[in-house]
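Comments concern the structure below.
The values are calculated or read from the model by the stated rules, or taken from the named source; none is laboratory data. Model, not experiment: these values are computed from the prediction. Note that each Cβ is placed from the backbone with ideal geometry, even for glycine, and that neighbours are counted across all protein chains shown. Just so you know, the surface numbers come from the protein's heavy atoms only, side chains and all, with ligands and any DNA or RNA stripped out. Shrake-Rupley method; radii C 1.70, N 1.55, O 1.52, S 1.80 Å.
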Amino acid sequence: MKKKVVFVLLVFFFSFYCHASEAIEIPLIYKKRDSFIMIGETEVSVPQGYSCAFDGKQQKLWFHSAAGNTSTFTQINKNGETEKIITIDYGNHCAWDNGPFFVVDNIAFVCALDKKNAVIFVNLETKEFNFFDLSKYEYYPIYGFYDKRVFFYNNVDDKVRYYDCLTGEVFDAETDLQEYGFMPLVNAYVGLNKKGKIVIQKFDTGEIIETKISGIRGRTSGNVRERYYMTEKYLYFSKKDRWYSFTHGMFFARFVFGLGPVQVAHKWYRYSLETGEIEEIKTDYPFINLLGVVEE
């Protein structure tokens with residue numbers, strides 16, 4: 001019996017290390033600590049008082065800082081070097097540098113201080129901006145935007161909704177997915193079906209793309225950066241890293257004392273939308289909330 005147990009353990013460890021050695025290296029963009037951003041293996045220091053966002057469409061990292069009625073946007077290249085600095089004067093409007101900040105296809109989303117739910121869209125190429133007043137709606141966490149639509153999460157009924165800035169209306173996400181979020185680079189939702197498998201649903205057409213991948217359960221909808229990131233080529237997804245949790249005593253702390261980290265250690269993988277191939281991504285940090293991926 002003991003020999004069988006030892007044999008099984010040896011097979012497990014051998015499989016684990018062989019599998020780990022096959023992991024691919026991809027430059028992921030993520031916050032390692034509050035004041036540092038990782039671009040692959042390059043550590044970039046975030047200036048004090050600045051927010052950060054990665055534009056997956058244009059493959060650019062941006063920092064943002066606000067002071068009164070102006071915003072300063074700093075573009076960082078893949079080597080962590082400053083490429084350009086842009087200053088925008090909003091006139092009568094005041095920007096906020098401590099709220100949600102996103103950049104999609106050279107359009108920046110900035111929160112305004114004019115009213116409780118005011119936002120500003122800034123074209124980082126033309127330096128033109130548009131102000132939108134969402135103050136008649138209750139405040140909910142904002143998790144993204146795309147094409148003048150602002151996506152937010154209502155924890156009362158566990159739904160993702162979006163505000164259409166052109167019509168001034170709020171709409172429910174038309175989906176049966178669970179624990180889902182919006183992927184602006186592909187204009188789609190990614191979440192779980194009732195069986196716990198990861199599903200992609202196109203926003204405009206409602207087209208469903210089912211995978212056979214089991215996703216992480218037990219999360220709210222809206223902010224899914226520790227679980228998914230999607231581009232036109234790949235779906236990046238994470239799995240619980242039970243080996244890390246075991247070797248660092250997290251299972252013991254969680255199940256014996258009811259303690260444990262707020263985040264769960266996980267590994268990242270990428271799923272090819274063309275071939276269906278799944279590859280493990282080599283990462284040294286176990287608590288990654290993806291801002292983006294540098295794809296060649």
Gain upon complete extension [L166, K212; 0.36 nm per residue less C-alpha separation]: 12.8 nm
Surface share of carbon and sulfur [accessible, 1.4 angstrom probe, percent] for the stretch 144-243: 44
Sequence ranges 143-155, 197-209, ranked by mean other-Cβ count within 10 angstrom, highest first: 143-155, 197-209
Pairs from K60/K282; K84/K136; K136/K202; K148/K212; K32/K233; K31/K202 whose Cα-Cα separation, in the structure shown, is over 31 Å: K84/K136; K148/K212
Of the chymotrypsin sites (Phe, Trp or Tyr not before Pro) in the stretch 74-140, those whose Cβ has at most 11 other Cβ within 10 Å and which sit in DSSP loop: Y139
Accessible area (Å², 1.4 Å probe, nearest 10) - R33: 110
Low-density loop positions, GluC sites (Glu not before Pro), the stretch 54-163 - DSSP coil, at most 15 other Cβ in 10 Å: E81, E125, E128, E138
Relative packing of 277-288, 177-188, 64-75, which averages over residues the other C-beta atoms within 10 Å, highest first: 177-188, 64-75, 277-288
